[in-house]
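Working notes, structure below.
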Amino acid sequence: MQYRPNSGISTTQHRPVLSELSARSRDIFRSIVEAYVETGEPVGSRTLSRRLGQLAGGQLSPATIRNVMADLEELGLLFAPHTSAGRLPTDLGLRLFVDGLMETGGLTEDDRTSIDVQCAATGRSLPEVLDQATLMLSGLSRCAGMVVAPKTDRPLKHIEFVHLAPGRALVVMVTEGGMVENRIVNVPLGLPSSALIEATNYLTTRLAGRTLGMGRDQILNELESERALLDQLTKQVVEAGLASWAKDDNSGALIVRGQAHLLDDVTGIGDLERLRSLFAALETKEQLLKLVEAAEVADGVQIYIGAENDLFGLAGCSAVISPYRDSQRRLIGAIGVIGPSRINYARIIPMVDYTAKVISRILG
């Protein structure tokens with residue numbers, strides 16, 4: 001499995017590398033991070049001494065561990081939240097751990113089965129599959145699940161109008177890549193079924209193999225010049241269908257589920273306000289486009305840790321995100337989780353990676 005470290009960290013700050021750490025320092029640092037991921041609490045030298053047990057041929061004393069912790073703090077990998085407290089990893093420390101020390105395990109069979117079942121596309125449109133996948137990731141990770149689905153103008157295979165109720169019809173648009181989008185539109189009361197069939201045939205003939213953007217102008221010109229040879233009711237149906245997509249732009253859609261999980265680590269009003277700021281920022285078009293752009297160049301899973309990214313650093317959160325693509329390897333969107341900086345990276349990275357691959361297979 002691949003994951004691509006996020007490049008958003010400031011290049012003006014020295015980034016320690018594993019070669020700068022002795023074997024003892026690596027073991028102590030790894031133990032601190034693993035304890036932090038488990039508990040979220042600062043880790044002291046006595047706790048570490050008991051946790052490490054026998055190391056390098058003998059028991060490490062708390063004093064020895066304190067000296068190593070001081071060196072790690074000087075490198076910017078640890079910090080003390082309070083005087084005389086234990087140590088916590090910095091965002092820089094978490095990045096070093098994820099990139100070089102973490103052992104990423106495989107998915108359990110239960111997790112794999114759950115993802116396969118929840119992402120099954122039978123009888124569901126892609127938006128429904130993505131929504132279910134986001135809920136599933138939130139539940140399995142105990143974090144907030146997130147999916148970015150950019151609005152892309154792709155070649156169409158079929159457009160169909162389906163009667164729902166008096167004055168209402170469902171417009172179904174299917175792309176050549178298998179994506180399905182539905183819209184409910186208003187149509188004239190008393191509309192005969194023949195008008196829906198005629199509108200379906202008219203649009204499918206002119207748009208099959210073309211993008212909506214490529215065909216829209218031609219169709220509107222035909223309608224305006226009366227060259228379409230459609231009766232007035234059918235013309236209104238066609239115009240309603242085109243208008244339902246014209247309202248959308250290309251900035252994409254964002255689905256976030258399970259935000260309540262992020263409240264588990266909130267310790268005060270300040271933390272709550274930062275979380276609110278995060279979700280407000282995610283809803284802006286600018287930030288949404290940045291996520292889509294980042295996914296487009298990613299070879300695999302991307303990991304954003306705290307302050308190294310302006311967006312997630314607002315709330316001291318981390319995010320694990322992976323792109324999903326169609327059968328031609330074209331970007332469709334990105335899916336992942338947002339959680340506290342102490343998320344279980346070793347479990348969540350393969351989970352997000354596998355989910356993105358399942359969705360990509362559905363699109364294939």
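The values are calculated or read from the model by the stated rules, or taken from the named source; none is laboratory data. These numbers were taken from a predicted model, which means no experiment stands behind them. Counting neighbours? That spans all protein chains shown, and the Cβs are built from the backbone with ideal geometry, glycine included. Side chains included, ligands, DNA and RNA excluded: accessible areas come from the protein's heavy atoms. Shrake-Rupley method; radii C 1.70, N 1.55, O 1.52, S 1.80 Å.
Using a probe of 1.4 angstrom, how much of the accessible area of segment 71-180 is carbon and sulfur, in percent? C and S fraction of accessible area: 51 percent.
Within segment 96-186, the ratio Rg/Rh, alpha carbon atoms throughout and Rh by Kirkwood, equals 1.13.
In this simple spin-label model, placing a label point 7 Å from the Cα along the Cα-to-Cβ direction at both R112 and A80 gives a separation of 4.7 nm.
Straight-line reach from K290: taking Cα to Cα under 19 Å and skipping same-chain neighbours fewer than 8 places apart, the aspartates and glutamates in range are D153, D248, D249, D299, E308, D310. Using a cut-off of 13 Å between beta-carbons, work out the net charge of the residues near V358 (Lys and Arg +1, Asp and Glu -1, V358 not included). Around V358, the charge tally is +1.
When the convex hull of its Cα atoms is viewed from all sides, segment 76-121 shows a mean projected area of 5.6 nm².
Return a whole-number percent for the relative contact order of segment 314-363, with Cα pairs under 8 Å and 6 or more residues apart as the contact set. About 43 percent, as a whole number.
The mean accessible area for residues of segment 101-143, using a 1.4 Å probe and ignoring ligands and nucleic acids, is 49 Å² per residue. Treating r as the C-beta distance of S125 and D99 and R0 as 35 Å, the FRET efficiency rounds to 0.40.
Straight-line reach from K235: taking Cα to Cα under 19 Å and skipping same-chain neighbours fewer than 8 places apart, the aspartates and glutamates in range are E160, E198, D217, E222, E224, E226. One equal scatterer on each Cα of segment 78-232, no solvent, Debye formula: the resulting log10 I(q)/I(0) at q = 0.14 Å⁻¹ is -0.89. Sum up the charges of everything whose Cβ sits under 14 Å from the Cβ of Q232, counting Lys and Arg as +1 and Asp and Glu as -1, but leave Q232 out. Charge balance near Q232 sits at -4.
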